[in-house]
1. Kyte-Doolittle mean at least -0.5 and Cα extent at least 27 Å along the axis: which DSSP H helices of the chain qualify?
2. Quick check: from the Cα gyration tensor, does segment 290-365 come out rounded (a/c under 1.5), prolate or oblate?
3. Considering only protein heavy atoms and a probe of 1.4 Å, how much of the accessible area of the chain is carbon and sulfur, as a whole percent?
4. How far apart, in nm, are two points set 7 Å out from the Cα along the Cα-to-Cβ line at residue 412 and at residue 180?
5. Simple spin-label model, 7 Å along Cα-to-Cβ: residue 445 to residue 253 in nm?
6. Give, rounded to the nearest 20 debye, the magnitude of the charge dipole that the chain has about its Cα centre when Lys and Arg contribute +1 at Cβ and Asp and Glu contribute -1 at Cβ.
7. Would you work out if the chain is rounded, prolate or oblate? Take a ≥ b ≥ c from the square roots of the eigenvalues of the alpha-carbon gyration tensor; rounded if a/c is under 1.5, else prolate when a/b is larger than b/c, oblate otherwise.
8. Within segment 432-461, report the GluC sites (Glu not before Pro) that DSSP leaves as loop and that have at most 10 other Cβ atoms within 10 Å.
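The values are calculated or read from the model by the stated rules, or taken from the named source; none is laboratory data. These figures come from a predicted structure and were not determined experimentally. Please note: Cβ atoms are built from the backbone with ideal geometry, for glycine as well, and neighbour counts cover all protein chains shown. With ligands, DNA and RNA removed, areas are computed over all heavy atoms of the protein, side chains included. Shrake-Rupley method; radii C 1.70, N 1.55, O 1.52, S 1.80 Å.
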Amino acid sequence: MFAHRFVVSVLFASALFVAGCSYLNTAGEQALYTLWQAGAPRQRVYKHLLRRDTFFVFGRLEHEPAAARGRLAVVALHDELETNEVVDVNWFSRDDSYYGMNLPEGDYRLVVACDRDGDGRVDQSEAIGGRRLRVDLTAAPDRVLGDCDIDLRRRVELGATRFTATAPAIAVPPSRESLFYPRGSIRSLDEPLFAPRMATLGMYRPAEFLERAPMMFYALEEDIGYKIPVVFVHGIGGSPRDFAAILERLDRTRYRPWFFYYPSGQDLSQVAAMFHRLFLSGRVIPLDRMPLVVVAHSMGGVVVREAMNLSTGSAKENHVDCLITIASPLAGHPGARFAKRAPVVIPSWRDLDPESAFIRQLHRRPLPDGTNYHLFYADGESPAAEPSERTDGVVPVSAQLDPAACREAVEQVGFAASHTGVLRDAAVIARIEALLSEVKSPFPDDHLRELRRGGYAIETDADLTPMEAYLIREIGHYMDALVSGRLQPCDPYQVDFIAACRGERPAKLPAETAWRKLERRLPLRGRN
C-alpha cells in the first residue's frame with residue numbers, strides 16, 4: 001500500500017500519470033539487480049542501479065585508418081569483477097565523430113573495432129585501436145568526463161583482450177548521416193526514438209535509455225552555420241516531440257532547432273553538467289560569435305538554470321542571448337518531498353524536493369551578462385483559485401514564480417494553459433516567435449540574403465568530397481558573391497577564402513577547393 005500511495009503522491013509530471021506501473025516495475029527490477037550484485041557483481045549491472053552514481057563519458061574518434069571499412073564501435077572493457085567484461089558499447093559509422101558512454105567508476109580499456117564483414121557484431125579480431133581510461137571523481141567531480149579522444153594512429157597496449165559485441169536490434173537508423181554531428185543525431189520527430197515509451201525509459205531506467213541514445217544531442221537537419229541555433233529542453237518524462245507545435249511555426253530559414261534529449265530520471269546536477277559541456281562550454285559546439293537561444297519546459301528549465309551556474313565567463317564559451325523557461329518548477333515541487341520515503345528513489349525526484357541542496361543552490365550565481373531571461377508560467381487549471389492554490393495541473397504557480405527567478409527575469413508572462421498544453425498555446429508560440437526575432441545574427445543583412453539563396457544542385461562523385469558537395473549545395477551563391485566582390489568579407493577567414501579562390505594563394509580548405517571545383521563545373525552559372 002505504501003508504494004501505491006507514494007506513486008499517487010509523487011507523480012507531479014503529466015507523463016507520470018500514465019506511468020505508475022512503470023515505477024512499480026522499476027522497483028521490482030531494482031530489487032532484482034541488487035540480488036544479482038550481491039551474488040555475482042558486475043559493472044554492467046551496477047550501472048543500472050539507481051542508487052549508484054555513473055559517469056557520462058564522451059570523446060572523439062580520430063584518424064580512422066583507410067583500411068577500416070565498415071561500421072565502427074567503441075567497446076568499454078572492465079576487468080575488476082569479470083575479465084573482459086563488456087560494460088558499454090557505442091556504435092557509429094565514421095571517424096572524426098563523437099562517441100558517448102555511461103560508465104560506473106573504474107579502470108577501462110576502450111577498444112575501437114570495425115565490423116568489416118557487416119554481420120552486425122564485432123570481436124577482438126576486428127579491433128583497430130583504443131585507449132585506457134580511469135573513470136572517477138578525481139577526473140570528473142561533476143561525473144561528466146569529456147575529451148576522452150581516441151587517436152587510432154597511436155599504438156596502445158590493451159592486454160589480452162577478448163570480447164564480442166552485437167549491435168542492438170532495436171537500434172533505429174538515422175534519417176541521414178551528418179558531416180558534423182555524431183552518428184544518428186539527425187532525426188525526425190515521428191521516429192520511435194522520441195516516442196513516449198523511450199521518454200518513460202529515460203525516467204525510470206536511465207542507464208538503458210543511454211544505451212539507446214548515448215549522445216543526448218539531436219537535430220532535424222544538417223548543420224547550417226548561418227542559422228541561429230535554438231536548443232529545446234524537455235521536462236521529466238518528456239522528449240523533443242513535446243515542442244512539435246512550436247517547431248511548426250519556427251522560421252527554419254533563420255533558425256536551426258537542436259534538442260537536449262536526456263534521461264529525465266538522472267541526477268540533475270550531472271545532467272546540467274552535460275548540458276553545459278555540450279551547448280555552453282564552447283568545447284564541443286563552438287559557436288564563436290553566433291548567439292544561442294534556449295527554450296526549456298518544466299524540469300528542463302531547472303536543468304538549464306543549473307547549467308548556467310557552471311558558466312565561467314570565458315570568451316570561448318557560447319553566449320545565451322535569450323533564455324525562455326516555460327512552466328518550470330524553479331522552486332522545486334512539493335510532491336517531490338515524498339521521494340525520500342519511496343521504495344526506489346528516482347534521482348531527479350530527489351533533486352526537485354524544495355528542501356534539497358540542489359534547489360536551495362539553484363540561483364547561487366547570477367545569469368551571465370547579456371542573457372535575456374523570460375519566465376513563462378501557466379495557471380490554466382485554476383485561474384480563479386487563491387494565489388497559494390493556483391496550478392497548471394502539475395506544477396503550482398508558486399513553484400514556477402520562484403522569487404529569485406523572478407528577480408533575474410526581464411519579464412514574467414502568465415498563460416491560461418495547462419502544464420503540457422502551454423507548449424501548444426497560440427499566445428505562447430507567438431511570444432516565442434517575437435522574442436526570437438529580437439536575437440540578431442552576427443552576419444550582416446546583405447550576407448544573410450545571399451546565404452538564404454542556397455547553392456547549386458550537384459552530385460557527389462570521386463572528384464568531389466561530401467563536404468565540398470555540401471558547401472556547393474548550401475552556400476554556393478554566397479561563395480560566388482564573396483569572390484565576385486558583391487559582398488565584402490566579414491572576417492579574416494573570408495579574406496583568406498577570397499584570396500585562395502582568386503588564385504592568390506593555394507586552395508587548401510574545403511570551402512576553397514569547393515569553389516574552385518564549382519567554377520570548373522559550372523563556369524557560366526548566373527551570368528546570363
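1. The answer, listed by residue number, is 20-39.
2. Numbers: a/c = 2.88, a/b = 2.12, b/c = 1.36.
Prolate.
3. Numbers: 11690 of 22880 Å².
The value for the chain is 51 percent carbon and sulfur by accessible area.
4. So the two model labels end up 3.8 nm from each other.
5. Distance between the two pseudo-spin positions: 1.5 nm.
6. Values: 64 positive and 69 negative charges, 71 e Å.
For this selection, approximately 340 debye.
7. Values: a/c = 2.14, a/b = 1.19, b/c = 1.80.
Verdict is oblate for the chain.
8. Working: sites: 433, 438, 450, 459; in loops: 438, 459.
Within segment 432-461, the qualifying GluC sites (Glu not before Pro) (loop, at most 10 other Cβ atoms within 10 Å) are 438, 459.
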